[in-house]
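Read the figures in this text as sums done on the coordinates, not as results from a lab. If you're wondering where the values come from, they're calculated on a predicted model, not measured in any experiment. Cβ: placed from backbone, ideal geometry, glycine included. Neighbour counts: every protein chain shown.
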């Protein structure tokens, strides 16, 4: 095989520092109380999770009118009911009965036209209207029109369902997602959502410790040295430097290097005959939307798009991954890892998906191993700071954006530190 | 005579029948509970037959496999489950990795 020239963008990174492009971020170490402090956690809850757009579902989870999804959101002290109405619209409500405030829906998913509270039987339709009150005459001046479920602002982008818990969101979803959202339009998110493999895991770590593990590729050559021996590293790029980083107001992206000389293992070769995996590199540039591999590098493997505050959307050719990190407490997180593939047309394709899925899961297990260990010693007081290098730029940006939301200097009302 | 697990043309794979498990959780448990020698023996026996297995199964609609074909399909998925153990880790799982049983599959 012919020798492969080093990617030009990668060569450039040897000559410049990415941090030079963003001098406002500084290069100082990061203080670690943000990962342990219950006070800081409460500020994140109030200033970020109750005010920003949060991805909570995919459209494919609501196929018919009445299909619903119940999601507890402890970070916002609430539970959500999401339901597709007869008019096909997906609506979100606080999952709270208007009578004595019992949690209305308890099943995680299902199909229902009338949601009846199991306490006294108050009933609501799929549009959230109160339609029936048992023994209604015994109430005083009851106006059912005013006692519907409390709506939550919701909108959809590329099939992802978002909610915003602010009474009046300051930005629409398209405004909030901005340039990053526009650039990803046209990627086949819905086609690949036909087959979703998903895991839930409750980790004993701060949500940002977990999320930061997916915002840099510096760790790939070390932590994943066995699972990814030559996919994202090579002799030319031993530290798996990503070849581009882009910071937006709230969001950020890295474009990761893929080794064109990756040697598939025997089972991987078999799987690749039938479908793509996270190590597949046979993409066609013209088919990628403008916001996927925006630098148009021949060495592109994947983009990790961090959508503030808690979604990392990793797009490959032929498959994508979402990670969500839902804070439960300062040191506990519900991590939802999901991988998406097209509807398999034959058993071979289903086998190739299984190969890619299991490899991906085993890589996630390696990622999970460090985050709990990190949290277990973070609070020791031994170290006051994180030390970050140039290729950990996205982590630095994340914490700057979080601080800005908390302090209100991002155009939003914050809390005085 | 007991019924065969797999279709007639794959009767040589009958000794591997214990790996023909329907769910990711069951296949993962089998991998974790097996010695590396057992995993390697399974891998070595099935891998050379996989082209034939997938060519055969591709003649059926993926969502409507008859019973014996479905078992053969589950067997093939077990190869995907053990592939990282054999090809990357050389052990059922890495000693310091996160416990797989804490990853709760939502797709089952």
Most mobile listed residue (A:136, A:392, A:179) in chain A, GNM with C-alpha springs under 10 Å: A:136
Simple label model, 7 Å out from Cα along Cβ direction - residue A:24 to residue A:142, nm: 5.4 nm
Label point distance in nm, residue B:12-residue A:222, each placed 7 Å from Cα along Cα→Cβ: 4.7 nm
For segment A:243-357, fraction of C-alpha pairs farther apart than 16 Å, in %: 66 percent
With Cα atoms, 0 to 90° folded angle of helix B:24-33 axis to chain B main axis: 60 degrees
Ranked list, fewest to most other Cβ atoms within 10 Å of each Cβ, for A:157, A:53, A:122: A:157, A:122, A:53
Histogram of C-alpha separations across segment A:77-189, 5 Å bin width, %: 2, 11, 19, 20, 16, 13, 9, 5, 3, 2, 1, 0
Averaged over B:70-77, number of beta-carbon atoms from partner chains that fall within 10 Å: 3
Hull volume in cubic angstrom per residue (convex hull over the Cα atoms of chain B): 114 Å³
Angle between chain A longest axis and helix A:393-407 axis [Cα atoms, degrees, rounded to 10]: 30 degrees
Exercise: per-residue mean of other protein chain Cβ atoms within 10 Å, A:336-347: 3
Fluctuation leader among B:75, B:47, B:88 - chain B, Gaussian network, Cα springs under 10 angstrom: B:88
Folded to 0 to 90 degrees: helix A:347-378 orientation relative to chain A principal axis, Cα: 90 degrees
Extension gain from residue B:59 to residue B:26, taking 0.36 nm per residue of separation minus the Cα-Cα distance: 9.2 nm
Exercise: per-residue mean of other protein chain Cβ atoms within 10 Å, A:362-372: 5
Stretchable slack from residue A:377 to residue A:389, in nm (0.36 nm times residue separation minus alpha-carbon distance): 2.2 nm
Average Cα contact separation per residue, segment A:67-115, under 8 Å, 6 or more apart, as relative contact order %: 37 percent
Cα-based shape type of segment A:148-234, given that a ≥ b ≥ c are square roots of the gyration tensor eigenvalues and the cut on a/c is 1.5: prolate
Tail fraction, Cα-Cα pairs, segment B:1-53, threshold 17 Å, whole percent: 42 percent
Centroid-to-centroid separation of segment A:198-227 and segment A:242-314 [C-alpha atoms, Å]: 17 Å
Order by protection proxy (mean Cβ within 10 Å, highest first), peptides A:140-146, A:200-206: A:200-206, A:140-146
Rounded if a/c under 1.5, otherwise prolate or oblate - the protein assembly as shown, Cα gyration tensor axes: oblate
